Amino acid sequence: MTPHASAPPRKTLRRILAFGTISIGLLLFFTSFSMGGWRDTLGGILMGSALILPGAWFLWAEKNDRDRFAAYEEKLRQHVYYSGLLGPEDQPVVSGMGTPEPPRPVNRRWGLIYLGSVALFALAATVLPPTETTAGEHTTVTSTPTP
């Protein structure tokens, strides 16, 4: 008897969140080039990278899992096909073929990803220039009369 493969669970909400963090990270990354000084640009690049990292890692690991699962299903299909070609007198050969092992999910190493993301955020916070605001400053619009 051969094991039947079951489809991996759908992770729609997680994929939406991953694409969302990647989108926001890319937005920060590319808009940082239009900021003022080099510190603003570098800070934006680091913050964008900190947001891109977890989402991209999740999508990469999910794709890797899907590929491994597809390879397992193909091995299982081949096992069933070749087992069907052998007759009842070839039972020792069929039992010697074994059955394919189901794949294990990729080790996500979320601790390292979170640590890297927090480190990038901290580095971005130290690189970004401090904002200077004073309580007495107000923005006023002045216009000059045109003759």
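The values are calculated or read from the model by the stated rules, or taken from the named source; none is laboratory data. The structure presented is a predicted model; accordingly, all values stated were derived computationally and were not measured. Cβ coordinates were reconstructed from backbone atoms using ideal geometry, including for glycine residues, and neighbour counts include every protein chain displayed.
Here is how the numbers come out for the structure above:
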| quantity | calculated |
| --- | --- |
| Qualifying residue in region 47-62 (condition: more than 30 Å from Val127 (Cβ to Cβ), among the small types (Gly, Ala, Ser) and out of contact with any Cys (no Cβ under 9 Å at 6 or more places or on another chain)) | no |
| Cross-chain or 6+ apart pairs with Cβ under 6 Å, region 90-105 first and over 20 Å from Ala70 (Cβ atoms), then assigned to a helix (DSSP H, G or I) | Val94/Ser83 |
| Positions within region 44-102 being hydroxyl-bearing (Ser, Thr, Tyr) and either in contact with a helix residue (DSSP H, G or I) (Cβ under 9 Å, 6 or more places away or on another chain) or surrounded by fewer than 13 Cβ atoms within 10 Å (Cβ to Cβ) (or both), in sequence order | Ser49, Tyr81, Tyr82, Ser83, Ser95, Thr99 |
| Per-region count, region 106-134, residues closer than 19 Å to Ser32 by Cβ, free of Cβ contacts under 8 Å to residues at least 40 places away in the same chain and hydroxyl-bearing (Ser, Thr, Tyr) | 2 |
| Count of region 67-85 residues which are without any contact (Cβ under 8 Å) to a residue 40 or more places away in the chain and farther than 23 Å from Val106 by Cα | 5 |
| Filter result for Tyr81 (out of contact with any His (no Cβ under 6 Å at 6 or more places or on another chain), assigned to a helix (DSSP H, G or I) and more than 30 Å from Arg14 (Cα to Cα)) | yes |
| The one condition in (1) closer than 30 Å to Leu120 by Cα; (2) surrounded by 15 or more Cβ atoms within 10 Å (Cβ to Cβ); (3) at pLDDT below 95 that Trp38 fails to fulfil | (2) |
| Test result for Leu46, within 21 Å of Leu128 (Cα to Cα) and in a helix (DSSP H, G or I) | yes |
